[in-house]
Amino acid sequence: METADLAAIGAAAASAGARMVVDSTFATPLGQQPLAHGAAIVLHSGTKFIGGHSDLLIGLCVTSDDAVHERLIAARTYQGGTPGSLEAFLALRGLRTLPVRLAAMERNAITLAERLRAHPGVAEVRYPGHGAMMAVIVHGGASAADAVCAGVQIVVPATSLGGVESTIERRQKYAGDAHVDPGLLRFSVGIEDVDDLWHDLAAHLPA
Ligand SMILES: *Cc1c(COP(=O)(O)O)cnc(C)c1O
């Protein structure tokens with residue numbers, strides 16, 4: 001949950017003759033528009049916030065460059081990767097409520113980030129101030145973080161994110177995230193009642 005300076009990276013890429021590609025899944029299309037900062041392609045896992053209900057697998061690739069668009073269409077046509085009609089329908093239906101879901105998630109996330117930061121069992125909260133994703137590092141390392149995931153009753157211990165239900169996972173156990181703090185929990189905040197979420201977490205945080 002560190003933030004990147006897209007404008008600076010876009011300018012550096014342009015001066016090196018490189019194209020900038022941004023995976024904007026966590027920010028959602030409402031949180032940032034990387035094409036405006038020089039990205040050639042923006043990727044979204046539509047499985048997450050755009051679908052929003054943890055019942056869809058789909059990916060999106062967005063560009064404003066006609067040449068890139070043509071190459072992407074050719075790759076899709078010759079290599080496959082065309083979404084099924086049900087997946088396309090679910091993504092479109094999800095998009096219709098993205099603004100209201102995200103607003104509710106963000107309200108919850110702002111409140112929970114504040115309360116978590118004030119909790120003695122929490123070493124650090126990384127929350128960029130908007131959106132629904134945060135990293136929460138608890139005192140006590142892997143075993144304390146695992147205890148949170150094992151104990152919660154409302155928050156769902158799961159890898160996926162961006163759904164209406166809150167999900168949480170200790171990330172360091174995965175090879176790709178082996179560099180993060182052993183006590184780091186990735187927390188995707190849903191639209192549940194914020195006090196329900198808080199009591200669920202607080203009951204299992206280290207004292
Ligand atoms: C989940 C995720 C992906 C992969 O998307 P799938 O739809 O699960 O294949 C890529 N990037 C980010 C940031 C993700 O969270």
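For the stretch 10-36, the tally of residues that are in contact (Cβ under 8 Å) with a residue 24 or more places away in the chain, away from the ligand (no atom under 13 Å from the Cβ) and of a type in the set (A, V, I, L, M, F, W, C) stands at 5.
Residue 102 meets the stated requirement of being within 16 Å of the ligand (Cβ to nearest atom), crowded, with 17+ Cβ neighbours inside 10 Å and in the same structural domain as residue 192 (by TED's automatic domain parsing).
Remark: pairs (first residue in the stretch 42-64, more than 7 Å from the ligand (Cβ to nearest atom); second residue among the aromatic types (Phe, Trp, Tyr); Cβ separation under 7 Å; 6+ apart in sequence or on different chains) are absent. Listed by first and then second residue, the pairs with beta-carbon distance under 6 Å, at least 6 apart or on different chains, first residue in the stretch 184-207 and closer than 18 Å to residue 52 by Cβ and in a helix (DSSP H, G or I), second open to solvent by 30 Å² or more (accessible area, probe 1.4 Å) and at pLDDT 95 or above, form an empty list.
Hey, can you tell me all the residues within the stretch 147-174 that are in a loop (DSSP other than H, G, I, E, B) and open to solvent by 20 Å² or more (accessible area, probe 1.4 Å)? Answer for the stretch 147-174, where residues must be in a loop (DSSP other than H, G, I, E, B) and open to solvent by 20 Å² or more (accessible area, probe 1.4 Å): 153, 154, 158, 159, 160, 164, 165, 171, 172, 173, 174.
The values are calculated or read from the model by the stated rules, or taken from the named source; none is laboratory data. Everything numeric in this text was worked out from a predicted model, so none of it was measured. All Cβ positions, glycine included, derive from the backbone under ideal geometry; neighbour counts span all protein chains shown. Just so you know, the surface numbers come from the protein's heavy atoms only, side chains and all, with ligands and any DNA or RNA stripped out. Shrake-Rupley method; radii C 1.70, N 1.55, O 1.52, S 1.80 Å.
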